[in-house]
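Chemist: Structure provided below as structure tokens; questions to follow.
The values are calculated or read from the model by the stated rules, or taken from the named source; none is laboratory data. What you are looking at is a predicted structure, and each value in this text was computed from that prediction instead of being measured. Backbone-built Cβ (ideal geometry, glycine too); neighbour counts: all protein chains shown. Only protein heavy atoms, including side chains, enter the accessible area calculation; ligands, DNA and RNA are left aside. Shrake-Rupley method; radii C 1.70, N 1.55, O 1.52, S 1.80 Å.
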Amino acid sequence: MSPPSTSHTAAVAAAPGRGIAAWWQAAPFTAVFVLFFLVPLGLILMVSFWDFNEYELLPGFTFKNYLSVFEGCGNTADLCTTLRTYLSTLKFSLLVWGITLVLGFAVAYFLAFHVRSPGMQTLLFVLCTIPFWTSNVIRMISWVPLLGRNGLVNQTLIDLHLIQTSIEWLLFSDFSVVLAFVHLYTMFMIVPIFNSMMRIDRSLLEAASDSGASGWQTLWNVIVPLSRTGIIIGSIFVITIVMGDFVTIGVMGGQQIASVGKIIQVQTSYLQFPLAAANAVILLAVVLMIIYGLTRLVDIRKEL
Amino acid sequence: MSDASSESLAAPSSAVQRRSLLKGTAGILAAGMFPAIHAQEKIVLRYLGTAVNQDKAIAEKFKADTGIEIQYVAVTTDDVTKRAVTAPNSFDLIDTEYFSLKKIVPTGNLKGIDTKRIKNADKITPLFTTGMVGGKAVGEQGTAPKKVIYLEGEKSKVFAKSPTQFMSLIPTVYNADTLGIRPDLIKRPIDSWAELLNPEFKGKTAILNIPSIGIMDAAMVVEAMGLYKYPDKGNMTKKEIDLTIKTLIEAKRAGQFRALWKDFNESVNLMASGEVVIQSMWSPAVTAVRTKGIACNFQPLKEGYRAWAAGFGLPATLSGKKLDGAYEFINWFLDGWAGAYLNRQGYYSAVLETAKAKMEAYEWAYWMEGKPAAQDIKSPNGDLLAKAGSVRDGGSYESRMGGIACWNALMDENNYMVQKWNEFVAA
């Protein structure tokens, strides 16, 4: 990303008059960004080095919070809470990412290449957004009566004599958490992938077909590379959301599955703001690393 | 009965509506010239507390009686404390539990409540002032109200050792918690806290995920299993916390828990749907399951109960009309109507005498004396709670509140405890 930005600064320096106008144009957004993102982030960073007691924060400088986050992590026999939590959160991120990617790609492919008329495309696209007309939590909770021990799925299977006793792992398990995530976030994959697919020049597909490529070869050698931007943007959405989530994991996991967000929430509700801040800084660092890795794969600015 | 009460409610409220309408019209006329006076007219009290205690009927009745409006701000137990410590000007009246006081009072954000201005102050049940029920002392492990109810002065940041004129919180509701069970799914008597970790109920139990309360339930279980006897369950050492959490983690890894719950409705849903057959539970939640027509017991256990108590407190900065309004609300609350209303939900009210006056004799006998119901018992909104002839779980007030083993608490090692609790959740 750095070579284009230096060339950009060089261009600005070469045209000083336009430079000032550009600075002014950028100023409002910069102000919003600084005020609502950088300043709070700076405060979080600062507080993560403070000390605290039951009812107040004690300004100072200590590494105590970071040490306590990683306490016991040297022990190899039993994983410490932090590592265990991150592993569980990463596991969900990867699972959900993989499933939403396959699903999202398939749906977007269908919408972009199989549905011919633009009217039908719009209609089906709107259909995809219907679940988003109600709140996240409602969409999650509606799974509970379906998957429960005496829920609809179990009842049906028992009535059909397919099983003798209820399947326990349908609800409050890794399965239900992943299911809810996929249900909630596949849309975030569909939209950007569909968007990049619509920009693919159809003559390229014809060219591929003329050159004798099979359907799979066209998909793998033409469509997937050209949809890369959408895939990466969708991946960033899904991964960052799952990394920070604590509501879905809480509701669908029966509050028994660890997530980094949940730990931060518990700590803030017990006024352990410095500890929570330290955790938040670490989480941010991890997520930034993932995003950095993903942006290495594609130059988003160029592709947009 | 419910018909009669709704009738008696309707008459004054329509009168008040007419009156406030007149006032409102006058206000609009005056607003042009005397906006300041108009602003003083109407008192709105922002009432911070948990949703469980914020009953719409109570606010409506109070407004009908006095014209003062109650604006409920509903947050979770933990968030009440957080708001009290970090944003004391965001409410005019706080409804919080006694165990939270150890965090709130040292910040100086609460004003001592002048008992001289509280009409029924000397009628508050001795459980709060001396820790006695029916002349007998109850368990005082944990944050027993009598340890934190008095302040040294109006602006004090420390608790008084002996009774003074200033109270930190005026008690409103309290109860003794125990395990809730589904008798129709368990089909045998349950009499000990140890049953919560009995492998017989593997995958069908739940525990409270509010660390400071959940750990107390866990401690009751550890003692009942004979693993350890705590000198004070409400103030554990690091070693004791380790032992308690270790017991929980082992049970969790063996698949004992179906879920953990954090709010009232979660516990009701877990129980009503049959996901869970035994769990730590609150009395009104048991009532809520029962009103759905599902059998649920608030099971008395031989080791006793874990008690809790909540009360009203005033923020330090409250003054003038709003302060008067808050005192008026507290006085009104202790005056009987609200007390009777709460008693009918399965809670206990702080001033029993006034509540008794507002309850029917058969209701009082069922709820407070542990006698069989002479007629069907209904909840305040008219749902059937118990058929004639049934007896309340845990019996009379004296046998239930007399069986307190410990109180919800805030430990000295609270930070360490929360850290270990997170370990349990992550295990």
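Chemist: Please work out which residue is farthest from the other protein chains (Cβ to nearest Cβ), limiting yourself to the range A:69-88 and to residues that are of a type in the set (S, T, N, Q) and surrounded by fewer than 13 Cβ atoms within 10 Å (Cβ to Cβ). Lay out the reasoning, then the answer.
Modeler: Start the filter on the range A:69-88 by keeping residues that are of a type in the set (S, T, N, Q), which leaves A:75-76, A:81-82, A:85, A:88.
Checking the rest, the ones that are also surrounded by fewer than 13 Cβ atoms within 10 Å (Cβ to Cβ) come to A:75-76.
Values: A:75: 12, A:76: 17 Å.
Residue satisfying both the conditions and the ranking: A:76.
Chemist: Oh, and also: Assuming residue B:403 fulfils every condition listed in (1) within 30 Å of residue B:245 (Cβ to Cβ); (2) open to solvent by 30 Å² or more (accessible area, probe 1.4 Å) apart from one, which condition is it?
Modeler: Here residue B:403 meets the rest and fails (2).
Chemist: In the range A:112-126, what residues are exposed (fewer than 15 other Cβ atoms within 10 Å of the Cβ) and closer than 13 Å to residue A:190 by Cα? Spell out the reasoning first.
Modeler: Filtering the range A:112-126 for residues exposed (fewer than 15 other Cβ atoms within 10 Å of the Cβ) gives A:114, A:116-120, A:122-124, A:126.
Of everything in the range A:112-126, those that are exposed (fewer than 15 other Cβ atoms within 10 Å of the Cβ) and closer than 13 Å to residue A:190 by Cα turn out to be A:124, A:126.
Chemist: While we're on this one: Among the listed residues A:222, A:238, A:242, A:251, identify the single one that is within 14 Å of another protein chain (Cβ to nearest Cβ) and either modelled with pLDDT of 90 or more or surrounded by fewer than 24 Cβ atoms within 10 Å (Cβ to Cβ) (or both).
Modeler: Values: A:222 fails: within 14 Å of another protein chain (Cβ to nearest Cβ); A:238 fails: within 14 Å of another protein chain (Cβ to nearest Cβ); A:242 fails: within 14 Å of another protein chain (Cβ to nearest Cβ).
One residue alone meets the criteria, A:251.
Chemist: Further, regarding this structure: Given the criteria within 14 Å of chain B (Cβ to nearest Cβ), of a type in the set (A, V, I, L, M) and either closer than 30 Å to residue A:112 by Cβ or touching an Asp or Glu at 6+ places or on another chain (Cβ under 9 Å) (or both), does residue A:266 qualify?
Modeler: Working: within 14 Å of chain B (Cβ to nearest Cβ): yes; of a type in the set (A, V, I, L, M): yes; either closer than 30 Å to residue A:112 by Cβ or touching an Asp or Glu at 6+ places or on another chain (Cβ under 9 Å) (or both): yes.
When the stated conditions are applied, residue A:266 passes them.
Chemist: So residue A:295 fits all but one of (1) away from chain B (no Cβ under 14 Å); (2) polar (S, T, N, Q); (3) surrounded by 16 or more Cβ atoms within 10 Å (Cβ to Cβ); what number is the exception?
Modeler: So residue A:295 meets the others, but not (3).
Chemist: In the range B:135-149, what residues are crowded, with 22+ Cβ neighbours inside 10 Å and over 19 Å from residue B:216 (Cβ atoms)?
Modeler: B:149
Chemist: Taking residue B:312 as the residue in question, decide whether it is buried (at least 20 other Cβ atoms within 10 Å of the Cβ) and either under 20 Å from residue B:65 (Cα atoms) or not hydrophobic (A, V, I, L, M, F, W, C) (or both).
Modeler: On the way: buried (at least 20 other Cβ atoms within 10 Å of the Cβ): yes; either under 20 Å from residue B:65 (Cα atoms) or not hydrophobic (A, V, I, L, M, F, W, C) (or both): yes.
Yes; evaluated as a whole, the condition is true for this residue.
Chemist: Among the residues of the range B:154-161, is any within 14 Å of chain A (Cβ to nearest Cβ), touching a residue at least 24 places away in the same chain (Cβ under 8 Å), open to solvent by 60 Å² or more (accessible area, probe 1.4 Å) and not in a helix (DSSP H, G or I)?
Modeler: yes
Chemist: Among the residues of the range B:255-293, which ones are away from chain A (no Cβ under 12 Å), open to solvent by 10 Å² or more (accessible area, probe 1.4 Å), outside any helix (DSSP H, G or I) and in contact with a helix residue (DSSP H, G or I) (Cβ under 8 Å, 6 or more places away or on another chain)?
Modeler: B:282, B:292
Chemist: If we scan the range B:370-386, do we find a residue that is crowded, with 17+ Cβ neighbours inside 10 Å, closer than 20 Å to residue B:282 by Cβ, over 21 Å from the mean Cα position of the chain (by Cα) and not basic (Lys, Arg)?
Modeler: Scanning the range B:370-386, I find at least one residue that is crowded, with 17+ Cβ neighbours inside 10 Å, closer than 20 Å to residue B:282 by Cβ, over 21 Å from the mean Cα position of the chain (by Cα) and not basic (Lys, Arg), so the answer is yes.
So that you can scan it fast, the table gives a plain yes or no per residue for (1) closer than 23 Å to residue B:78 by Cα; (2) of a type in the set (Lys, Arg); (3) modelled with pLDDT under 90:
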residue	(1), (2), (3)
B:280	yes, no, no
B:283	yes, no, yes
B:292	no, yes, yes
B:296	no, no, no
B:300	no, no, no
B:312	yes, no, no
B:316	yes, no, no
B:329	no, no, no
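Chemist: Pick from the range B:213-231 the residues that are of a type outside the set (A, V, I, L, M) and away from every other protein chain (no Cβ under 13 Å): which of them is most open to solvent (accessible area, probe 1.4 Å)?
Modeler: To start, the set of residues in the range B:213-231 that are of a type outside the set (A, V, I, L, M) comprises B:214, B:217, B:223, B:226, B:228-231.
Next, from what is left, pick out any that are away from every other protein chain (no Cβ under 13 Å): B:217, B:223, B:226, B:228-231.
Details: B:217: 0, B:223: 41, B:226: 64, B:228: 81, B:229: 155, B:230: 8, B:231: 99 Å².
In this case the residue turns out to be B:229.
Chemist: Being open to solvent by less than 70 Å² (accessible area, probe 1.4 Å) and either more than 23 Å from residue B:267 (Cβ to Cβ) or more than 13 Å from chain B (Cβ to nearest Cβ) (or both) is the filter here; which residues of the range A:141-160 pass it?
Modeler: A:153, A:156, A:157, A:158
Chemist: Out of all the residues in the range A:74-90, is one or more in contact with a Gly (Cβ under 6 Å, 6 or more places away or on another chain) and either touching a residue at least 40 places away in the same chain (Cβ under 8 Å) or over 30 Å from residue A:229 (Cβ atoms) (or both)?
Modeler: Of all residues in the range A:74-90, those in contact with a Gly (Cβ under 6 Å, 6 or more places away or on another chain) come to A:80.
The next check asks that each one be either touching a residue at least 40 places away in the same chain (Cβ under 8 Å) or over 30 Å from residue A:229 (Cβ atoms) (or both); those that pass are A:80.
Checked the range A:74-90: at least one residue is in contact with a Gly (Cβ under 6 Å, 6 or more places away or on another chain) and either touching a residue at least 40 places away in the same chain (Cβ under 8 Å) or over 30 Å from residue A:229 (Cβ atoms) (or both).
Chemist: Considering (1) among the hydroxyl-bearing types (Ser, Thr, Tyr); (2) within 14 Å of another protein chain (Cβ to nearest Cβ); (3) open to solvent by 30 Å² or more (accessible area, probe 1.4 Å), say which one residue A:129 fails and leave the rest.
Modeler: Only one criterion is unmet by residue A:129, namely (2).
Chemist: I've got another one for you. Yes or no: residue B:236 in a loop (DSSP other than H, G, I, E, B), farther than 26 Å from residue B:382 by Cβ and out of contact with any Leu (no Cβ under 6 Å at 6 or more places or on another chain)? Spell out how you get there, then give the answer.
Modeler: On the way: in a loop (DSSP other than H, G, I, E, B): yes; farther than 26 Å from residue B:382 by Cβ: yes; out of contact with any Leu (no Cβ under 6 Å at 6 or more places or on another chain): yes.
Here the answer is yes, as residue B:236 does meet what is asked.
Chemist: Quick one: which of A:173, A:211, A:227 is in contact (Cβ under 8 Å) with a residue 60 or more places away in the chain and either surrounded by fewer than 19 Cβ atoms within 10 Å (Cβ to Cβ) or of a type in the set (A, V, I, L, M) (or both)? Can you show your working first?
Modeler: Working: A:211 fails: in contact (Cβ under 8 Å) with a residue 60 or more places away in the chain; A:227 fails: either surrounded by fewer than 19 Cβ atoms within 10 Å (Cβ to Cβ) or of a type in the set (A, V, I, L, M) (or both).
Only one candidate qualifies: A:173.
Chemist: Moving on. Yes or no: the range A:89-98 includes at least one residue that is open to solvent by 70 Å² or more (accessible area, probe 1.4 Å), under 24 Å from residue B:426 (Cα atoms), within 14 Å of chain B (Cβ to nearest Cβ) and aliphatic (A, V, I, L, M). I'd like the intermediate steps shown before the answer.
Modeler: Filtering the range A:89-98 for residues open to solvent by 70 Å² or more (accessible area, probe 1.4 Å) gives A:91, A:94-95, A:97.
If we keep only those that are under 24 Å from residue B:426 (Cα atoms) too, we end up with A:91, A:94-95, A:97.
From what's left, within 14 Å of chain B (Cβ to nearest Cβ): A:91.
Next, only the ones that are aliphatic (A, V, I, L, M) stay: none.
No, the conditions are met nowhere in the range A:89-98.
Chemist: Output yes when any residue across the range B:232-254 is touching an Asp or Glu at 6+ places or on another chain (Cβ under 8 Å), within 14 Å of chain A (Cβ to nearest Cβ) and of a type in the set (Gly, Ala, Ser), and no when none is.
Modeler: no
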